[in-house]
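Before any comments, here is the structure.
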Amino acid sequence: MVPAFENSEWDQLLDRIGVDPMLHLLMDTSIFIPLPNGCLCQVTGEPIVFLTPVERRISSEILVHRDSGVKRPRPHSPQDERPAKRRKLQINGKPGARRGQDIYIQKSPANLVLARSRLFFARPCHIPHTNFVVVGLPPKHALNCLYPSYSSKSSGTQAQLQYVPKKQTEEARHLSKYIFPAQYGMQSPFQYVSARKGDQYPNYLDREKDIEMLGRCKTPKRLKEVLPLLDKLIWRHKKCDYKALRNIACPSKIKEEGEKLEESVILVCVPPLAHLTDVSIDVFKEMMSEQSIQLDTQAPLRLDDISMDSAGNPIQPLGATQAMKYVQSKPKFTEFECSYYEVFRYVVLVTNTIIPKSFWGSKKNHTLVMRNVRKFIEARRFESFSIHFLLQGFSTADCEWLMPPGEKAKAQGRVCVSDSLKRRELLEEFMFWYFDGFLMPLLKTTFYITDSSAYKNRILYFRQDNWQTLCAPLLNRLLENMFVKIPDAEVEALERQRKLGFSFVRLLPKDTGVRPIVNLRGSRQTQSDEYRIRHHGRTQYSAGASKHSYKREAGPQGEDFHFLKHASDLAKELYNTIFVGIVRRSEESSASRDAILALLREHITENVVRIGRHYYRQQVGIPQGSILSTVLCSFFYGDLETGDERLRQLRTDPGSVLFRLVDDYLFISTSLSKARLFLDMMNQGHPEYGCFIGKDKTLTNFDHGAQIMNVVEPSSKYFPWCGHLINMQDLSVTVDYSRYAACDISNTLTVDRGRKPGTAFLTKMLLLSRSRCHVIYLDTGLNSETVVYLNIYQNMLLSALRMQEYLSEAKFLLHRNAAFVYKTIQKIAQLSYRSIQSQLKRKAKLNNGQPVPCDIKKPAALWLAYHAFHHVFAKKTQLYGKILPLLERDLNRVQNRGYRRRFKFLPREGQSAFDMS
C-alpha cells in the first residue's frame, strides 16, 4: 500500500497536521481510496472483511477467571447484556479480543445457530471390533461412554443394570458437565475460544479432556436439583433398545428373508464384465467417472416391450415410446427413503423413553419442543435454527428443576430478575444439549442424511443399514473397475509423502440413480521463489445486506505488484465493492511452477480415496467433486475438438454453430445432412479419448432411425438445452421453467429462522429475483421485444411463487405486516430493472464499449412485475387481502392503462410455463 501514500497531497497533509496526528490517522483509523464504479480500496485500519456489522455486534461482556477476584459488572451495565449470574469462562479478556492466534467469542441465544451442516453425509458408526452398524447414539457419546446402549441386553449382563447409588451419582455429575458446562466454568457454545470469528462452535460430542483438565470441583448449587433427573435419564438410557424403536417407527425399506436380500431389490449397477466388449468397458468406465449410476431391478421392462436379437439377448429401447417406458420403469431412489413422519416418530419414541418428563415441566412445553423437532427434521438443506427461536413460547415457570433449592423458593409467587435470568440460562444450556448433543447425534447415527440433485434443497433420510446395503454393490463394482487397493503397509508411508490429503467417496442420489462424488478434504502447498499467492478480501452491499468474500490469485514472484492498481483493474468490472489486501503470515504464500505441476499431476494420476477402513488408488477417470474437474474437462474436450477434422469443419461452416457447456453439446444447422453427419459422428464416439455419448440423453428435432431415443414433439416450438428453451423458428431464448412445474417450489427455498427473519426474507427475495436477469434473455438483437418482456414476466412469476411459499411457512411475517410485504414487492420490481441495466452495462464493457441492443421501458417492466404478484396472490385472497388492493392500484394507474392492452396475451403464455391457469 506504500504507493498509495506517495502523492504530494499526503506530504502537504503531514506538513499541516504534524507527525503525531498523522501517525494517529495511519495507525488508528481506516482510510479508503475511491475507485471507478463506486468502489473503494482500504489502505489502513483493520480489514473491513474481518469486522462484524454494527447491527450484529455482540455485547462486550468482560470474561474473567472464576478465581481472579474481579468484580462482575452490574446487570444494567452497557457492557453486560448477558445474565448476571452466568458462570464466567476461565480466560482473561473480552469477546472479540485476541490472545495469540485465538479469539474469544461470546454468543447470545439469538446469535447461536445450530450447526445442522454436521448432520449430512455421515458414515455409519460400527460397534468396536465388529461390522455391525450402531443404532441410536454414537459410541463416543457421553451416555454410551457411561453405558453402551449397543451392548448385549441378555440375562448375563443384567448385573450391569443393578442400581449403585454412589456410582449413579458420579455418573450424573459427569453428565451434568456435558449439559451445563458453563456452570462449571468450562467452554460452552455461548462462550468459547476459536481460531477465526466465522467458525462454527466446536463439536462438544467428546469433552473428556476438558473434564479431566477441570479436575475435581464442587457441584454448583443450582444443579443439585437436576442430578436426580440426570440419574433417571442415564438409567433409562441403560434400558433403552434403540434398535427396536427404530424398527417400530422406521421399518426397513428392503425386505429380508432370513439373512438374504430379495433379488428384486438388489442394486444392479452394470452387467457382468464378461458380457462387455472392449468398447462397452470404455463406456462403462466413462459412465462411472462422469455420469450417474442407475438403480435397476429384476426385469425392468415388460416382455412385450423388449426386442430380442438373434442370440436371444434383449436390445435396449430405441424408440421414444419404449424409452419413456424404460425410464418410468426404473425405481425411484426415494422408494428407499424414510418419510419425515417416520423419522419424527422415531425421535419422539426415543425422547419419551430417555428424557424424563420433568425436564419439560408441562405437556404444553413438551408439545412445543416436539413441534420444533419436527420443523428441524423437515427443514431444508441450508435452513438454520437459533436457540432463541426454539425457546419461543417455552414456560420456565412449569419446570421445577429450574427453581432454586428449597421449598420456600418453589412456593414463591414472584421471581426476582436475577433468578429469572438464571433459570433462562439453565434452560438455554439444556435446550442446546438436547438439540445439538442428543437429537443431532441420534439422527446422524441412525440415518444417512443427504440432499439430492432431483429435489433441490429437500433432505432425504435413509436408514444407515439400508443405505449401506443399497450402496454395497455399487461400491464393490467401483472397487473392481475404478480403484485398486493400497496395502496397509504402504498407507503410513504414503501419508508422509503425499502433498494432497485423502478423499472420501459419497453417493449423491438422483431421481433414478446416484452419482459418485469424491470429496478432497485438504491440501498442502510447497514453497519456492517463482510464484506468490496473493490474498485479498471483498465487501459488497447488495439486496440490503453486506457480503464478504475472499480471493486468492497467483502471480510471478518477481513481479512489481501494487494492490491499489490491481484493485483499480478489478473495479472496472464490479460495482459498489470495497477491496482490501490481506497479508497471510501463518500460511505458506508462495509455490514454484514445478511444484504446482507436480501437485496437479498427483491430483490427476494419484488420487487416493478411503472407503470403509481401507485406502484405494483411483485408476480410471478423475475425481468427481474436484475444483479442477470443470477446467480439466474443458481442456480435454478442447483438445478433442482441435484434433478432430470433422468437428473443425462443422464449427467453421457458415450455416451451422456448435456450442458446448462443459460436456453438453448443442449443434444448430440449416442443413439436415450436416445435422445427421454430426449425430452419426457422436454416436460413433471417440474411442481414443474414451468419449461416448449417452443415447438415452440425446435429443433431436428430426427422426434418424434407431440411433436416437428422444425426438422433440412435432407440435413443439422450443428445443430444451441446459435449462434454456430455444425457439426453433427464430432462435430466441427463454428459460426452461418446466422443472419448477414438476417439483415443489418450496424445495428451492431456504427459510431463515434466525435473529432477524424480516431482514433475511427481504434479502433472499431480492437475491432470488436477480437470478434470471441474464443478458441472453434481454438482448433484443437475439430475441424479439415480446420475448424479452416474456422473460421478465416469467422471472417475476417465479419470484411471486417463491414468496408465496416462503410466507406460507413464515406466517408471522405476513401477520400485521402487509405493508412490509408490499414494500418488498416494490423493491423486487425496482431491483430487477436495475439488475437488467447493470447486466447490459457490464456486457457492453466486455464488448469494448459496444452497447447491447435492449430497449426495455421501466414502467412496462414494473407493470409486469406487479401483474405477476397480483396473479399469484389472487388465488389466496384471504391471506393477501390487504396486499391485493395495493397491487391493483399500481396496475390501474393512468400511465399504466396502455400496458393491459399491449400485454393482453403475454401473461397467459408466461403462466403456461408453470401450469398456471
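Yes or no: P47 at negative phi and loosely packed, with under 14 Cβ neighbours inside 10 Å? Taking the combined requirement at face value, the residue does not satisfy it. Please determine, by comparing only the residues of the range 841-860 that are in a helix (DSSP H, G or I) and either free of Cβ contacts under 8 Å to residues at least 12 places away in the same chain or open to solvent by 20 Å² or more (accessible area, probe 1.4 Å) (or both), which one is nearest to L887 (Cα to Cα). Checked the range 841-860; the qualifying residue nearest to L887 (Cα to Cα) is P859. Anything in the range 750-782 that is basic (K, R) and over 13 Å from I836 (Cβ atoms)? List them, or say none. Across the range 750-782, the qualifying residues are R753, R755, K756, K764. Within the range 1-30, being within 18 Å of C41 (Cα to Cα), in a helix (DSSP H, G or I) and open to solvent by less than 70 Å² (accessible area, probe 1.4 Å) holds for P3, A4, F5, W10, L25, L26. The number of residues in the range 108-135 that are among the hydroxyl-bearing types (S, T, Y) and under 24 Å from I459 (Cα atoms) comes to 1. Can you find even one residue in the range 362-381 that is of a type in the set (G, A, S), assigned to a loop (DSSP other than H, G, I, E, B), surrounded by 12 or more Cβ atoms within 10 Å (Cβ to Cβ) and touching a Ser or Thr at 6+ places or on another chain (Cβ under 7 Å)? Yes, some residue in the range 362-381 is of a type in the set (G, A, S), assigned to a loop (DSSP other than H, G, I, E, B), surrounded by 12 or more Cβ atoms within 10 Å (Cβ to Cβ) and touching a Ser or Thr at 6+ places or on another chain (Cβ under 7 Å). The residue list Y866, Y833, Y822, Y806 contains one member that is open to solvent by less than 60 Å² (accessible area, probe 1.4 Å) and farther than 23 Å from G758 by Cβ, which is Y833. Scan the range 723-737 and tell me whether some residue there is closer than 17 Å to R660 by Cα, open to solvent by less than 40 Å² (accessible area, probe 1.4 Å), touching a helix residue (DSSP H, G or I) at 6+ places or on another chain (Cβ under 8 Å) and in contact (Cβ under 8 Å) with a residue 40 or more places away in the chain. The answer is yes; a qualifying residue exists.
Selection of first residues in the range 390-418 that are hydrophobic (A, V, I, L, M, F, W, C) and open to solvent by less than 20 Å² (accessible area, probe 1.4 Å) and of second residues that are modelled with pLDDT of 85 or more and not in a helix (DSSP H, G or I), restricted to Cβ pairs under 6 Å at least 6 apart or on distinct chains, gives the following pairs, ordered by first then second residue: C399/G361; W401/E225; W401/V226; A409/M403. Among the residues of the range 890-907, how many are under 14 Å from H871 (Cα atoms) and of a type in the set (A, V, I, L, M)? Of the residues in that region, 2 qualify.
Assess whether R676 counts as being closer than 24 Å to T630 by Cβ and either open to solvent by 50 Å² or more (accessible area, probe 1.4 Å) or modelled with pLDDT under 85 (or both). No.
Is it the case that some residue within the range 763-782 is within 20 Å of L884 (Cβ to Cβ) and of a type in the set (A, V, I, L, M, F, W, C)? The answer is yes; a qualifying residue exists.
Being within 21 Å of V894 (Cβ to Cβ) and of a type in the set (D, E, K, R) is a property that K843 lacks. Filtered by the rule that a residue be open to solvent by less than 30 Å² (accessible area, probe 1.4 Å), assigned to a loop (DSSP other than H, G, I, E, B) and among the hydrophobic types (A, V, I, L, M, F, W, C), the range 216-247 gives V226, C240.
Can you find a residue in the range 421-430 that is of a type in the set (F, W, Y) and assigned to a strand (DSSP E or B)? Among the residues of the range 421-430, not one is of a type in the set (F, W, Y) and assigned to a strand (DSSP E or B), which makes the answer no.
Answer yes or no: is there a residue in the range 837-850 that is in contact with a helix residue (DSSP H, G or I) (Cβ under 6 Å, 6 or more places away or on another chain), of a type outside the set (G, A, S) and modelled with pLDDT under 90. Checking the range 837-850: at least one residue is in contact with a helix residue (DSSP H, G or I) (Cβ under 6 Å, 6 or more places away or on another chain), of a type outside the set (G, A, S) and modelled with pLDDT under 90. Residue pairs whose Cβ atoms lie under 9 Å apart, sitting 6 or more positions apart in sequence or on different chains, and linking a residue in the range 443-465 that is within 16 Å of N747 (Cα to Cα) and among the aromatic types (F, W, Y) to a partner that is at pLDDT below 90 and open to solvent by less than 10 Å² (accessible area, probe 1.4 Å), are Y455/P509.
Among the residues of the range 441-454, those that are within 28 Å of N144 (Cα to Cα) and not in a strand (DSSP E or B) comprise P441, L442, L443, K444, T445, T446.
P687 meets each of the listed conditions (1) of a type outside the set (D, E); (2) more than 30 Å from K485 (Cβ to Cβ); (3) surrounded by 12 or more Cβ atoms within 10 Å (Cβ to Cβ) apart from (2).
One residue alone among R651, R593, R584, R613 is modelled with pLDDT of 80 or more, among the basic types (K, R) and surrounded by fewer than 17 Cβ atoms within 10 Å (Cβ to Cβ), and that residue is R651.
Within the range 778-789, being touching a Ser or Thr at 6+ places or on another chain (Cβ under 7 Å) and either outside the structural domain of K823 (by the TED database) or open to solvent by 10 Å² or more (accessible area, probe 1.4 Å) (or both) holds for L782, S784, V787.
Counting only strands (runs of 3 or more DSSP E) wholly contained in the range 455-509, the ones carrying 2 or more residues that are at pLDDT 80 or above and open to solvent by 40 Å² or more (accessible area, probe 1.4 Å) occupy 483-485. Of all the listed residues (F659, F667, F635), the sole one being farther than 30 Å from W467 by Cα and surrounded by 16 or more Cβ atoms within 10 Å (Cβ to Cβ) is F667.
The values are calculated or read from the model by the stated rules, or taken from the named source; none is laboratory data. Since the structure is predicted, the reported quantities are computational estimates derived from the model, not experimental observations. FYI the Cβ positions are ideal-geometry reconstructions off the backbone, even for glycines, and counts take in every protein chain you see. Please note that ligands, DNA and RNA were not included when accessible areas were found on the heavy atoms of the full protein model with its side chains. Shrake-Rupley method; radii C 1.70, N 1.55, O 1.52, S 1.80 Å.
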